[in-house]
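One structure below.
The values are calculated or read from the model by the stated rules, or taken from the named source; none is laboratory data. Note that the structure is a prediction, hence the values are computed from the model and not measured. Every residue, glycine as well, gets a Cβ built from its backbone with ideal geometry; the counts of neighbours run over all protein chains shown. Ligands, DNA and RNA are excluded from the accessible area calculation, which covers all protein heavy atoms including side chains. Shrake-Rupley method; radii C 1.70, N 1.55, O 1.52, S 1.80 Å.
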Amino acid sequence: MLNKLKQYWGYVVAGAIALAYLIGIKKGKEHEKAHQTDTLLAHVESGNRARNRLNTDPAVRDQLHKKYRRK
């Protein structure tokens, strides 16, 4: 039994490393997706704040109209 284990020890180690690598890739993808979702939600929240500010503050709206009005 010990001889068989010595014979296939390299395969066992390689399999363990491959398994750890695949689990790491999966966790990395999940982490990146969560990060992108958080960033997207932050951008949406920022846009909502800007639109609300334009709706509640007419002075800001008038400044933007003057600045970006087509001539």
Based on this model, can you work out whether Gln63 counts as open to solvent by 100 Å² or more (accessible area, probe 1.4 Å), within 28 Å of the chain's Cα centre (by Cα) and among the polar types (S, T, N, Q)?
no
Please list, ordered by first then second residue, the pairs with beta carbon atoms under 8 Å, 6 or more apart or interchain, first in segment 39-56 and among the aliphatic types (A, V, I, L, M), second modelled with pLDDT under 95 and open to solvent by less than 60 Å² (accessible area, probe 1.4 Å).
Leu54/Val60
Identify all residues within segment 1-34 that are under 19 Å from the mean Cα position of the chain (by Cα) and open to solvent by less than 100 Å² (accessible area, probe 1.4 Å); write none if there are none.
Ile23, Gly24, Ile25, Gly28, Glu32, Ala34
